[in-house]
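As structure tokens, the structure follows; a few thoughts come after it.
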Amino acid sequence: MSVTVSERKSYPIYIMLDSSASMRRRLPGALAPQEEFEQMIPDLIMSLSDSRSLAKAAWISVIAFGDRPELLCPMTSLAEPVQVRSPRDGGHTDYAGALRFLHERIEVDRVAIEAHGAAGNYRTKVARPLVFFITDGAPYAHGEFQRPGEWMPYREKIVSEPVQARIAAIGLHGAHQGTLFAIATGKGRERNAFIATARDEGAGDSLAESVITVIERSIKLSVRTGEMVIDEPRGMRRVHD
Amino acid sequence: MIENPFMAVVVATVLGVTALALVLFGTGHLTLPPVEKIPRLWHRPDRNRDGIEPPPDVPVKEEQPEEAQPKVVRLVIDPPRDGQEREPRLPARVVTGSAWHGSFFHGWCGTTGGARPAVLLNVRAASLRGATHAGMGTEGQDAIGAAWDETNSALYVAVADGLGSLAASGRVAAEAITAALHLCTTRPDSLSFADGATRMFQAIGAGLVRSLKEGESGACTLVVAEVIPRFDGAEVTVVGVGDSEAWALFDSRWTVLHHERGGSENATRDMPTHAAEPRVYSFVLSPGSVLLLGSDGFTGALDMSVSPLARALARLWRQRPGWLDFVNHVGFVDEYWSDDRSAVAVWIGEGAVDG
């Protein structure tokens, strides 16, 4: 970047929500994971929008994935009203379809964000996307378990040059840890993969707090060169290989 | 306009002799002939020039005055006798920051007597806790400082920006400034600031590592400048690691002296990680120039063409502003720039008696 024209960075944030049948399984006395997260997302967006500095820099999109990906909220500046619709109930969990769709959206959204800032007396630079991938970690499509070899190539496209997205994978109690670890990015062996420590009604709230904190840190504060590592959200633990 | 360093030295020598004659044979008041403003910003040694770009051909366009610019009106109970507030002398050494409050300092420094008259320097400095830290309920992490070395007639100014992702970064930033000013003013006479810069940054980095307790982490950017006032301006050397920046303003044009912009992220080189690799640049600034050091929360809004902040400051800093106006300028209103903001600015006097 030159110093001839100053730059302002815009930060695209994607929330990927698993809407498969297993996410709607409810245990007595607790919300189903999908319900928990559906309640969390509007609160999360409202909290982010309340921060004036974040609202100036952050954009958000919500994508559900089950049998097929579904755009619940197109990429929208937090400075504008954000509307998220409810997902259709899905049956399967097609990771390959979800990640391919995300990869396609990232380029479309980058162009849209740059165009939005083109009129100002500064240049808009779109930062690496931040992806929060919420799932139970059980990819299943076309009547069978979806092997990592089917969806990992799309994950690699998203996390490698030129996109270099950063992914936090989040699962509730009982989610498949190996899958969460494989999706997430991080620093060395420490990846941004988290799993709830127990069935907890407040898991969505603490996760929302943690997501807000990590977004604030990664957007508004200087950080050391290297990969972003998210602190463990309350009520969750980091997943290791 | 003289861009040749050799010619500039010749001009400086002629003016210096003229001034000396006036001191020796004049009336006691040093009255200087009008000095043509000479934009003489150039690199003296050809070292580490990466990242520096020439100023654009077109000067920064002047802002249309006036109504959009806020003005701080002082509460005056009893006006000073000559209509102007006295500028205090800069403290011998001052270190402050933006932890839980904004802070500022100001004052003049320079050599007021002797056979070799030099311009006086006026310092304005402010460090303001950012809206992001305030919103998160965390402490600000910028630190600033200045020291006047009477023995060597040199001013040292410094800005450090603690990395928000590491908890102890605010303390680390303050310690980096304290250590830098100490090492600058106790350096052996035989070692120039520029030649000793890498060793100095290594020593600061080693000290920062020692100061961190087990399990504690902190880091900061650091930019330090030496300003040696001369009869016809000032020799300036800037040393930096990370995204805190140094700029010069002359004749309404901004020129960047140190920056590390370039990534799409807010990741930066830091102390102590990159203490062995500071970037060092030397320049001569003309009388009437302004040297500015700042954290990225402030200087990130500057550029050399269309930045509204750069344009506004080019107009407002033609003469040095009052200290309260300066704080107002550092606290400019724009919600995008919500990290801590720090700025240390030095107005290079236009004559040996310019206080």
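Every condition in (1) more than 14 Å from chain B (Cβ to nearest Cβ); (2) open to solvent by 50 Å² or more (accessible area, probe 1.4 Å) holds for A:Arg52 except the one numbered (1). The set of residues in the stretch B:236-249 being touching a residue at least 60 places away in the same chain (Cβ under 8 Å) and part of a strand (DSSP E or B) consists of B:Ala248, B:Leu249. Restricting the first member to the stretch B:93-117 and to residues that are over 18 Å from B:Leu181 (Cβ atoms) and without any contact (Cβ under 8 Å) to a residue 40 or more places away in the chain, and the second to residues that are among the aliphatic types (A, V, I, L, M) and surrounded by fewer than 20 Cβ atoms within 10 Å (Cβ to Cβ), the beta-carbon pairs closer than 9 Å and six or more apart or on different chains are B:Thr112/B:Val353. Scan the stretch B:166-173 and tell me whether some residue there is within 11 Å of another protein chain (Cβ to nearest Cβ) and either within 22 Å of B:Ala125 (Cβ to Cβ) or without any contact (Cβ under 8 Å) to a residue 24 or more places away in the chain (or both). Yes, the stretch B:166-173 contains at least one residue that is within 11 Å of another protein chain (Cβ to nearest Cβ) and either within 22 Å of B:Ala125 (Cβ to Cβ) or without any contact (Cβ under 8 Å) to a residue 24 or more places away in the chain (or both). So in the stretch A:117-147, with the set limited to residues that are open to solvent by 70 Å² or more (accessible area, probe 1.4 Å) and more than 14 Å from chain B (Cβ to nearest Cβ), which one is nearest to A:Ala184 (Cα to Cα)? Looking at residues that are open to solvent by 70 Å² or more (accessible area, probe 1.4 Å) and more than 14 Å from chain B (Cβ to nearest Cβ), I get A:Arg147. Residues that are aliphatic (A, V, I, L, M) and either free of Cβ contacts under 8 Å to residues at least 12 places away in the same chain or assigned to a strand (DSSP E or B) (or both) within the stretch B:286-317 comprise B:Val290, B:Leu291, B:Leu292, B:Leu293, B:Val306, listed in sequence order. Given the condition more than 14 Å from every other protein chain (Cβ to nearest Cβ), crowded, with 20+ Cβ neighbours inside 10 Å and not in a helix (DSSP H, G or I), answer yes or no: does some residue in the stretch A:27-34 qualify? No, the stretch A:27-34 has no match at all. Is one or more of the residues making up the stretch A:6-14 out of contact with any Ser or Thr (no Cβ under 9 Å at 6 or more places or on another chain) and open to solvent by less than 10 Å² (accessible area, probe 1.4 Å)? No; the residues of the stretch A:6-14 include none that is out of contact with any Ser or Thr (no Cβ under 9 Å at 6 or more places or on another chain) and open to solvent by less than 10 Å² (accessible area, probe 1.4 Å). For A:Ser86, indicate whether it is within 14 Å of chain B (Cβ to nearest Cβ), surrounded by fewer than 20 Cβ atoms within 10 Å (Cβ to Cβ) and either in contact with a Ser or Thr (Cβ under 6 Å, 6 or more places away or on another chain) or hydroxyl-bearing (Ser, Thr, Tyr) (or both). It is false that A:Ser86 is within 14 Å of chain B (Cβ to nearest Cβ), surrounded by fewer than 20 Cβ atoms within 10 Å (Cβ to Cβ) and either in contact with a Ser or Thr (Cβ under 6 Å, 6 or more places away or on another chain) or hydroxyl-bearing (Ser, Thr, Tyr) (or both). Tell me, please, whether a residue that is within 18 Å of B:Leu181 (Cα to Cα), hydrophobic (A, V, I, L, M, F, W, C) and within 9 Å of chain A (Cβ to nearest Cβ) can be found in the stretch B:220-229. Checked the stretch B:220-229: at least one residue is within 18 Å of B:Leu181 (Cα to Cα), hydrophobic (A, V, I, L, M, F, W, C) and within 9 Å of chain A (Cβ to nearest Cβ). Residues that are within 14 Å of chain A (Cβ to nearest Cβ) and farther than 25 Å from B:Met271 by Cα do not occur anywhere in the stretch B:107-118. Among the residues of the stretch A:112-136, the ones that are outside any strand (DSSP E or B) and farther than 22 Å from A:Thr4 by Cα come to 5 in all.
Filter the stretch B:283-309 for residues that are away from chain A (no Cβ under 11 Å) and either of a type in the set (Val, Ile, Thr) or surrounded by fewer than 20 Cβ atoms within 10 Å (Cβ to Cβ) (or both) and give the result. Residues satisfying the conditions are B:Val284, B:Val290. B:Val172: under 24 Å from A:Leu221 (Cα atoms), in contact with a Gly (Cβ under 6 Å, 6 or more places away or on another chain), surrounded by 21 or more Cβ atoms within 10 Å (Cβ to Cβ) and at pLDDT 95 or above, yes or no? Judged against the criteria, B:Val172 is a match.
Contact annotation: residue pairs with Cβ atoms under 7 Å, 6 or more positions apart or on different chains, pairing a residue in the stretch B:261-273 that is more than 7 Å from chain A (Cβ to nearest Cβ) with a partner that is open to solvent by 30 Å² or more (accessible area, probe 1.4 Å) and at pLDDT 95 or above, are B:Pro272/B:Val209. In a strand (DSSP E or B) and among the aliphatic types (A, V, I, L, M) - does that describe any residue in the stretch B:196-215? No, there is no match, as no residue in the stretch B:196-215 is in a strand (DSSP E or B) and among the aliphatic types (A, V, I, L, M).
May I ask you to list the residues in the stretch A:166-213 that are part of a helix (DSSP H, G or I), modelled with pLDDT of 75 or more and buried (at least 21 other Cβ atoms within 10 Å of the Cβ)? Passing the criteria: A:Thr179, A:Leu180, A:Ile183, A:Val211. Remark: A:Ala79 matches the filter, which requires a residue to be assigned to a loop (DSSP other than H, G, I, E, B), more than 19 Å from A:Ala138 (Cβ to Cβ) and small (Gly, Ala, Ser).
Residue check: A:Asp109 meets all listed conditions (1) under 20 Å from A:Phe194 (Cβ atoms); (2) open to solvent by less than 20 Å² (accessible area, probe 1.4 Å) but one, namely (1). Within the stretch B:189-227, the set of residues being in contact (Cβ under 8 Å) with a residue 60 or more places away in the chain and open to solvent by 30 Å² or more (accessible area, probe 1.4 Å) comprises B:Thr198, B:Gln202, B:Ala206, B:Val209. Taking the criterion of being in contact with a helix residue (DSSP H, G or I) (Cβ under 7 Å, 6 or more places away or on another chain) and part of a loop (DSSP other than H, G, I, E, B), the residues of the stretch A:137-165 that qualify are A:Gly137, A:Ala138, A:Pro139, A:Gln146, A:Val163, A:Ala165.
Among the residues of the stretch B:106-149, the ones that are of a type in the set (A, V, I, L, M, F, W, C), open to solvent by less than 40 Å² (accessible area, probe 1.4 Å) and either at pLDDT below 95 or over 15 Å from B:Gly331 (Cα atoms) (or both) come to 11 in all.
For the stretch B:253-265, residues that are open to solvent by less than 20 Å² (accessible area, probe 1.4 Å), in contact with a Lys or Arg (Cβ under 9 Å, 6 or more places away or on another chain) and not in a strand (DSSP E or B) total 0. Taking the numbered list (1) assigned to a strand (DSSP E or B); (2) hydrophobic (A, V, I, L, M, F, W, C); (3) under 23 Å from B:His106 (Cα atoms) in turn, B:Phe283 passes all entries but (3).
The values are calculated or read from the model by the stated rules, or taken from the named source; none is laboratory data. Keep in mind that what you see is a predicted model, and the values were worked out from it rather than measured. Heads up, the Cβs are rebuilt from the backbone with ideal geometry, glycines too, and the neighbour counts pull from every protein chain shown. Each accessible area value is taken on the protein alone, full model and side chains, heavy atoms only, with ligands, DNA and RNA left out. Shrake-Rupley method; radii C 1.70, N 1.55, O 1.52, S 1.80 Å.
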